[in-house]
Each structure stands twice: as structure tokens, then as C-alpha cells.
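First up is the structure itself, then whatever we jot down about it.
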Amino acid sequence: MPFFPLHLADRGLTPDAISLALALPMAIRLAAMPLAGIYSDRWGAPRTVLVWLGILAAAGFALVGFAPG
């Protein structure tokens, strides 16, 4: 990851876009993890929620392969 900003700059991203591309996943994780924990506790089936989150993550990674560029 130390050279990822250089890769993004080489692809033509501005410094503002690079900082957003690096900060946004961390900010989403900061908000999503506690919300997922609260949801799974209220639903009463944390294992089921974890399985579905894993399936959604795998589907997301699979869809990245279809992204242009």
C-alpha cells in the first residue's frame, strides 16, 4: 500500500481525489462496523449476519473484475 498513492497519481488522479480514495474506505468502515454489530445483536442471529456480510463482500470483490480500467 505505500505506493498506491503514486499509482493513483500515475493514473491521473489529483491529490484531492487520491486523499478521498484513501480516506473513504476507512470512514465507511468506521461507520459500518458498529452499525452491523448493532443490527446483528438486535436481530438475534449474529452468525447469519456475518455469513451474509461475507457473501456480499465476496460478490463485491467479484464485481470489481468487471470494472473498466
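The values are calculated or read from the model by the stated rules, or taken from the named source; none is laboratory data. Since we're looking at a predicted model, the values are computed, not measured. All Cβ positions, glycine included, derive from the backbone under ideal geometry; neighbour counts span all protein chains shown. Only protein heavy atoms, including side chains, enter the accessible area calculation; ligands, DNA and RNA are left aside. Shrake-Rupley method; radii C 1.70, N 1.55, O 1.52, S 1.80 Å.
The table for this structure:
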quantity	calculated
Rounded percent of accessible protein surface that carbon and sulfur make up, the chain, 1.4 Å probe	75
Potential lengthening between A21 and R42 on full extension [0.36 nm per residue; Cα-Cα distance subtracted]	4.3 nm
Option label - Cα extents along the principal axes in Å computed here, alternatives [x] 47, 25, 17; [y] 49, 37, 19; [z] 40, 35, 18	[x]
I28 versus V64: modelled label distance in nm, points set 7 Å from Cα along the beta carbon direction	1.0
Spin-label proximity, L56 to the stretch 4-34 - amide N less than 19 Å from point 7 Å beyond Cα toward beta carbon	24-34
Crossing angle, helix 15-43 versus the chain [Cα axis fit, 0-90 degrees, rounded to tens]	0
Angle between the chain longest axis and helix 46-64 axis [Cα atoms, degrees, rounded to 10]	30
